[in-house]
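One structure is given here, and the rest of the page talks about it.
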């Protein structure tokens, strides 16, 4: 099955009455155990897990699927998370581009890492995906599991009461005042950050403001040095704070993005497209490979994307994925963190609704942040320059490299990995050794 077939099939299935999907609604929705805001990967995985546990679930999604999103290079950890939610079979059948690792470059030097060389047990192979098709496959899987999905609906208010929560929403026609009652709410709204905005949970990120400029391009790359099964991360040869991603999506289609300090990127052109071409043209091998490539969509831009919150959960809600915190795209951690948060939260919600006492701080906050903090240290070390030096070094310790690859593959919650147990100490030690 081709990717186009996957999207077409998803659109056809959405018209079937047994698919539990509604384009939009007028009036109140039936009450449920769990309301989920957002039908992206976090929302779909949470819904599928909760349906597996016997809970009634309604997903409210602001956009209409399929829709474009960045975050197209998945990490191997996500395979197990999709399998737990019984969503992987449909993803595997969709024919997405295979991925087996990551390659870093500067100038004309390439340094590949195969996920199969990781120290953590688990899948090594994963996918690179157009998110429009991938997210639709996941959402359709949640619908097949029995979740009701309503598209074109924006949540406008959140109110707790003795019985649970009431979400007020507006549909795509602008009709307001309709509501959905639920015993618990999961916010999987991603960059929409619905509950952080409504409940004043947003807090400044510790990451400096950066800007990402991105698009899809089409052109054959015939150079045998380029591995179609790996994301390419290129450090700009003249600006070590600027880097480029190149993600093969199949059929000569590539996702390309440039990331760097907000002001530095902004100063290089009057439009996103001008800024994109400025940096791509001077990006070493990636720029050479994509010379005269055809733009397949308008160049997009996202600035100041890093975000944080004051709390990850409340009495009747929890924040999933990017709705809670987003670090940086450099290690492609967003979708994995989203799915991991959903996999952690779903059984806790089920237990709470069954009357059990759940220590959300220990079982959700601390567990989720174990991996998030690992990725945070990787991001900080990347922009500090230390991790770039370690990656591009010709003299790397074999055991350390295997532990490093495990995190690259998304296994940032593996407590057997000494890097995960104390990532800050690891990078402090690496920095001291580099100085020595």
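For the range 168-192, what are the residues that are in contact (Cβ under 8 Å) with a residue 60 or more places away in the chain and surrounded by fewer than 22 Cβ atoms within 10 Å (Cβ to Cβ)? Let's see the steps before the verdict.
Step one: filter the range 168-192 for residues in contact (Cβ under 8 Å) with a residue 60 or more places away in the chain, giving 169, 171-173, 175, 178-192.
Passing the criteria: 171, 172, 173, 175, 178, 179, 181, 183, 191, 192.
Restricting to the range 25-84, what's the tally of residues that are assigned to a helix (DSSP H, G or I) and either closer than 17 Å to residue 165 by Cα or in contact (Cβ under 8 Å) with a residue 24 or more places away in the chain (or both)? So that I can check it myself, show each step before the final result.
Taking the range 25-84 and keeping what is assigned to a helix (DSSP H, G or I), we get 41-52, 77-84.
With the extra rule that they be either closer than 17 Å to residue 165 by Cα or in contact (Cβ under 8 Å) with a residue 24 or more places away in the chain (or both), the set shrinks to 41-52, 77-82, 84.
Going through the range 25-84 one residue at a time, the tally reaches 19.
If I ask for residues that are in contact with a strand residue (DSSP E or B) (Cβ under 8 Å, 6 or more places away or on another chain), farther than 18 Å from residue 330 by Cα and outside any helix (DSSP H, G or I), which ones from the range 261-283 would you list? Outline the logic, then answer.
If we filter the range 261-283 for residues that are in contact with a strand residue (DSSP E or B) (Cβ under 8 Å, 6 or more places away or on another chain), which is where we start, we get 261-262, 264-266, 272-273, 275-276, 279-280, 282-283.
Subsequent filtering for residues that are farther than 18 Å from residue 330 by Cα retains 266, 272-273, 275, 282.
Within the range 261-283, just 282 meets the criteria.
Filter the range 315-329 for residues that are under 18 Å from residue 38 (Cα atoms) and either in a loop (DSSP other than H, G, I, E, B) or not assigned by TED's automatic domain parsing to the domain that holds residue 43 (or both) and give the result.
First, pick out the residues of the range 315-329 that are under 18 Å from residue 38 (Cα atoms): 316-326.
If the condition is that a residue be under 18 Å from residue 38 (Cα atoms) and either in a loop (DSSP other than H, G, I, E, B) or not assigned by TED's automatic domain parsing to the domain that holds residue 43 (or both), then 316, 320, 324, 325 are the ones that fit.
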* Taking strands (runs of 3 or more DSSP E) that fall entirely within the range 89-156, which contain at least 1 residues that are in contact with a helix residue (DSSP H, G or I) (Cβ under 8 Å, 6 or more places away or on another chain), in contact (Cβ under 8 Å) with a residue 24 or more places away in the chain and within 20 Å of residue 396 (Cα to Cα)? -> 101-106, 109-114
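Taking the conditions exactly as written (outside the structural domain of residue 292 (by TED's automatic domain parsing), outside any loop (DSSP other than H, G, I, E, B), surrounded by fewer than 22 Cβ atoms within 10 Å (Cβ to Cβ) and touching a strand residue (DSSP E or B) at 6+ places or on another chain (Cβ under 8 Å)), does residue 165 satisfy them or not?
Values: outside the structural domain of residue 292 (by TED's automatic domain parsing): yes; outside any loop (DSSP other than H, G, I, E, B): yes; surrounded by fewer than 22 Cβ atoms within 10 Å (Cβ to Cβ): yes; touching a strand residue (DSSP E or B) at 6+ places or on another chain (Cβ under 8 Å): yes.
Judged against the criteria, residue 165 is a match.
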* Structure fact -> Checked against (1) within 19 Å of residue 128 (Cα to Cα); (2) outside any strand (DSSP E or B), residue 258 satisfies every condition except (2)
* Count of the range 381-402 residues which are under 23 Å from the mean Cα position of the chain (by Cα) and closer than 21 Å to residue 415 by Cβ -> 1
* To do: Could you list all residues from the range 305-322 that are within 19 Å of residue 135 (Cβ to Cβ) and touching a helix residue (DSSP H, G or I) at 6+ places or on another chain (Cβ under 6 Å)?
  => 320, 321, 322
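With the requirement that a residue be surrounded by 24 or more Cβ atoms within 10 Å (Cβ to Cβ) and outside any helix (DSSP H, G or I), what does the range 333-354 give you? If you could, list the steps in order and put the result at the bottom.
Going residue by residue through the range 333-354, those that are surrounded by 24 or more Cβ atoms within 10 Å (Cβ to Cβ) are 333-342, 345-346, 349.
The answer is 333, and nothing else.
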* Asked: Out of curiosity, is residue 383 crowded, with 17+ Cβ neighbours inside 10 Å, part of a loop (DSSP other than H, G, I, E, B) and modelled with pLDDT of 95 or more?
  -> no
* Structure fact -> Within the range 196-220, the residues that are surrounded by 20 or more Cβ atoms within 10 Å (Cβ to Cβ) and in a loop (DSSP other than H, G, I, E, B) are 201
* Asked: Take the residues of the range 222-250 that are in contact with a strand residue (DSSP E or B) (Cβ under 8 Å, 6 or more places away or on another chain) and part of a loop (DSSP other than H, G, I, E, B): which is farthest from residue 328 (Cα to Cα)?
  -> 225
* Are any of the residues in the range 82-97 within 30 Å of residue 388 (Cβ to Cβ) and within 21 Å of the chain's Cα centre (by Cα)? -> yes
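The values are calculated or read from the model by the stated rules, or taken from the named source; none is laboratory data. Predicted, not measured: the structure shown is a model, and the values here were computed from it. For neighbour counting, all protein chains shown are included, and Cβ atoms are generated from backbone atoms with ideal geometry for every residue, glycine included.
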